[in-house]
Amino acid sequence: MLRATVLATLRLETPLSFTGAPTLKAMQRVDLSEVDYEVAGKEMRGWVEERVEGTSPDRLFLLSHPPVITYGPRTSLEDLPAEAAGIPAVAVDRGGFATYHGPGQLVGYLVIDLKQRGPVDIVRWLENGLIEALGSLGFPLVRRDTLKGASSLVGVWTEDHRKLCSIGMRIRRGVTSHGFSVNVDPDMSVFHTFTSCGLHDVTMVSLAELAAERGLPAPAEVAVRDAIAESLGAA
């Protein structure tokens, strides 16, 4: 079992109705350091079972991964990197397409029992929570609506439509898993080796790059963790 430090796109497996004004209860914050992706995936299945059985509260897990590209079931193989890129690609059971995880990126996994919270548009709630959190650190960001028949624009974007945060979730038996990633200061060159989020013309960006454009230092990851946890109601 992983130990806490001291310090979407959505895939549905059960019917769920949505509203635009959720009221979500507090959840538990769990801070982890770097965790191998496959280890985290195994642990996450256990976290979900604990929530389904009612032996744990809603939880937000904050962590990072060694370099890995993950992709949902609808991802075209042409969108994945060539083997020469040297980064493992792992198929996952969440919504969304291909994305990169690695050092310098903050990943958040949400294990929430939606049956206890009532109808909620969990993806929009998450988008708005991330926008509020990163806005409090001085980064104005927006969410974007996806036009009918177009590629999904779920996530968090700069006002000039560069993508900062990716979201990919799964709901099974009324409990969410997977979650979001925020590019704090990762190796952004990796995003040029594959098609991110199924969007062939997307420009990915990091908080470090946005800060540098304004002549400011990048925010510390701990500050990003704290802002997101506060915005999402995790203590």
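Each label was represented as a point 7 Å from its Cα along the Cα-to-Cβ direction; for residue 209 and residue 76 these points are 2.2 nm apart. Each Lys or Arg adds one and each Asp or Glu subtracts one; over the other residues with Cβ under 11 Å from the Cβ of residue 145, this totals +3. Just the protein heavy atoms count here, and of the accessible area of the chain at 1.4 Å, carbon and sulfur take up 52 percent. With both labels modelled 7 Å from their Cα along Cα-to-Cβ, the residue 50 to residue 162 distance reads 3.8 nm. The length gained by stretching the chain between residue 151 and residue 36 to full extension, at 0.36 nm per residue less their Cα-Cα distance, is 38.4 nm.
Under the 0.36 nm per residue contour assumption, what length would be gained going from the current alpha-carbon distance of residue 117 and residue 189 to full extension?
Working: separation 72, 0.36 × 72 = 25.92 nm, distance 3.98 nm.
This chain segment gains 21.9 nm when fully extended.
How charged is the neighbourhood of residue 196? Take every other residue with its Cβ under 9 Å from the Cβ of residue 196, and add Lys/Arg as +1 and Asp/Glu as -1. Could the numbers behind the result be given before it?
Details: positive: 163; negative: 79.
It works out to a net charge of 0.
Residue-wise HN-Hα couplings along the stretch 38-49, as the Karplus relation 6.51 cos²θ - 1.76 cosθ + 1.60 with θ = phi - 60° gives them from phi, are 5, 5, 4, x, 5, 4, 4, 4, x, 4, 5, 4 Hz; Gly and Pro carry x. Counting heavy atoms of the protein chains alone, residue 131 has an accessible area of about 30 Å² for a 1.4 Å probe.
Accessible area of residue 71 (1.4 Å probe, protein heavy atoms only, ligands and nucleic acids ignored): about 50 Å². Taking other residues whose beta carbon is less than 11 angstrom from the beta carbon of residue 213, and scoring Lys, Arg as +1 and Asp, Glu as -1, yields 0.
Projecting the Cα positions of 181, 48, 156 onto the charge dipole of the chain (unit charges on Cβ atoms of Lys, Arg, Asp and Glu, taken about the Cα centre) puts 48 furthest along the positive direction. Between the amide H of residue 29 and those of 60, 235, distances stay under 5 Å, these residues lying 5 or more places away or on another chain, with hydrogens modeled in the peptide plane. All alpha carbon pair distances within the chain were sorted into 5 Å bins beginning at 0; the resulting P(r) in whole percents reads 1, 6, 15, 20, 21, 18, 12, 5, 1, 0.
Using just its DSSP H runs of length 4 or more, each adding -39500 (n - 2.57), the chain gives a mean residue ellipticity at 222 nm of -6500 deg cm²/dmol after division by all residues. With the simple model of a label 7 Å out from the Cα in the direction of the Cβ, residue 200 to residue 26 spans 4.9 nm.
Backbone geometry of the stretch 160-173 corresponds, through the Karplus equation with coefficients 6.51, -1.76 and 1.60 at θ = phi - 60°, to 3J(HN,Hα) couplings of 9, 6, 9, 9, 9, 10, 10, 10, x, 10, 9, 10, 9, 6 Hz, x marking Gly and Pro.
The distance separating the Cα centre of the stretch 126-158 from that of the stretch 179-235 comes to 12 Å.
The values are calculated or read from the model by the stated rules, or taken from the named source; none is laboratory data. Please read all numbers here as calculations on a predicted model, not as lab measurements. Ideal geometry is used to build each Cβ from the backbone, glycine not excepted, and the neighbour counts take in all protein chains shown. Accessible surface is based on the protein model in full, side chains and every heavy atom, while ligands, DNA and RNA are left aside. Shrake-Rupley method; radii C 1.70, N 1.55, O 1.52, S 1.80 Å.
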